[in-house]
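**Q** Before I ask anything, let me first share the structure, which is written out below as structure tokens.
The values are calculated or read from the model by the stated rules, or taken from the named source; none is laboratory data. This structure is a prediction, so every number in the text was calculated from the model and none was measured. Every residue, glycine among them, receives a Cβ derived from its backbone with ideal geometry; neighbour counts consider all protein chains shown. What goes into the accessible areas is simple: the full protein's heavy atoms, side chains included, and nothing from ligands, DNA or RNA. Shrake-Rupley method; radii C 1.70, N 1.55, O 1.52, S 1.80 Å.
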Amino acid sequence: QTNKAMGVKAEVKNRCVIIAGGDFDAAERSVITPDDYVIAADSGYAVCIEYDIMPDLIVGDFDSFKGSLPDGIETIHLPTHKDDTDLLFAARCAADKGYRSVAILGGYGSRPDQNFAMYETLLWLRENEPGSDACAFCRGFYVTVLLNDSKRIFVGSNRYLSVFSLYEKATGVDITGTGYPLKNGVITAGFPIGVSNCADGYADISVKNGALLIMVVDEFI
């Protein structure tokens, strides 16, 4: 099934794509371009094998990937007992290499704790690389983070647009081009006022002070 949320994809050069070991199909595969620098995070390398993707870097403690690692591809072995998840370490590598546009593929799967950690990894990228672009393409939805910033998001028809505050409070929030617009609003972490909005095409979202988690979700997933 084609993932309609992939319609938000834009061609980006000099981008780092991080492949994790979660849900992945041909729609996610289509996001990758020849210009992308690809990092496989642990069992994300199994995804690379299955979909004939050649990573530039492989990282992980390899508690999930049990196969043989290749020769000729840079590989960083991490200890099992560590503070960083494999995904966050891959994000650190992307930032250290100077990539200001990072897309995560296969970051959403069956474990809700790791799914939440993916959202926090997107926030980490924005906090540590101000002005950068961090997003994740998942089966049935697209997610990105805004930090004191603005962005035009393609929503289209038959999709939900949801906006949440990742901090205690986000102020100066503007949402236009949607069924439920907001002007200089306040979104708090304790009240999901931004869930299940809609738009026929593009939505413009901005926040003066705070961090917003933005999701574009297929109506039927």
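**Q** Evaluate the range 191-210: report whether one residue or more is at positive phi and crowded, with 20+ Cβ neighbours inside 10 Å.
**A** Yes, there is a match, as at least one residue in the range 191-210 is at positive phi and crowded, with 20+ Cβ neighbours inside 10 Å.
**Q** What number of residues in the range 45-83 are part of a loop (DSSP other than H, G, I, E, B), under 21 Å from Asp25 (Cα atoms), open to solvent by 90 Å² or more (accessible area, probe 1.4 Å) and acidic (Asp, Glu)?
**A** So the answer is 1.
**Q** Looking at Gly109, Gly131, Gly98, Gly156, which is the one that is outside any helix (DSSP H, G or I), surrounded by 17 or more Cβ atoms within 10 Å (Cβ to Cβ), more than 15 Å from the chain's Cα centre (by Cα) and not acidic (Asp, Glu)?
**A** Numbers: Gly109 fails: more than 15 Å from the chain's Cα centre (by Cα); Gly131 fails: surrounded by 17 or more Cβ atoms within 10 Å (Cβ to Cβ); Gly98 fails: surrounded by 17 or more Cβ atoms within 10 Å (Cβ to Cβ).
Step by step, each of Gly109, Gly131, Gly98, Gly156 is checked, and only Gly156 is outside any helix (DSSP H, G or I), surrounded by 17 or more Cβ atoms within 10 Å (Cβ to Cβ), more than 15 Å from the chain's Cα centre (by Cα) and not acidic (Asp, Glu).
**Q** Could you list, ordered by first residue, the pairs with Cβ atoms under 7 Å in which the first is in the range 114-139 and closer than 16 Å to Val216 by Cα and touching a residue at least 12 places away in the same chain (Cβ under 8 Å) and the second is part of a helix (DSSP H, G or I) and acidic (Asp, Glu), at least 6 apart or interchain?
**A** From residues that are closer than 16 Å to Val216 by Cα and touching a residue at least 12 places away in the same chain (Cβ under 8 Å), the pairs are Phe137/Glu28.
**Q** List every residue pair whose Cβ atoms sit under 7 Å apart, with the two residues 6 or more apart in sequence or on different chains, where the first one lies in the range 54-71 and is closer than 21 Å to Cys16 by Cα and the second, anywhere, is assigned to a loop (DSSP other than H, G, I, E, B) and open to solvent by 70 Å² or more (accessible area, probe 1.4 Å).
**A** What qualifies is Asp61/Pro79; Asp61/Thr80.
**Q** Identify, from the list Lys183, Lys151, the residue that is among the charged types (D, E, K, R), open to solvent by 10 Å² or more (accessible area, probe 1.4 Å), farther than 30 Å from Ala20 by Cα and in contact with a strand residue (DSSP E or B) (Cβ under 7 Å, 6 or more places away or on another chain). I'd like the intermediate steps shown before the answer.
**A** Numbers: Lys151 fails: farther than 30 Å from Ala20 by Cα.
So the residue among Lys183, Lys151 that is among the charged types (D, E, K, R), open to solvent by 10 Å² or more (accessible area, probe 1.4 Å), farther than 30 Å from Ala20 by Cα and in contact with a strand residue (DSSP E or B) (Cβ under 7 Å, 6 or more places away or on another chain) is Lys183.
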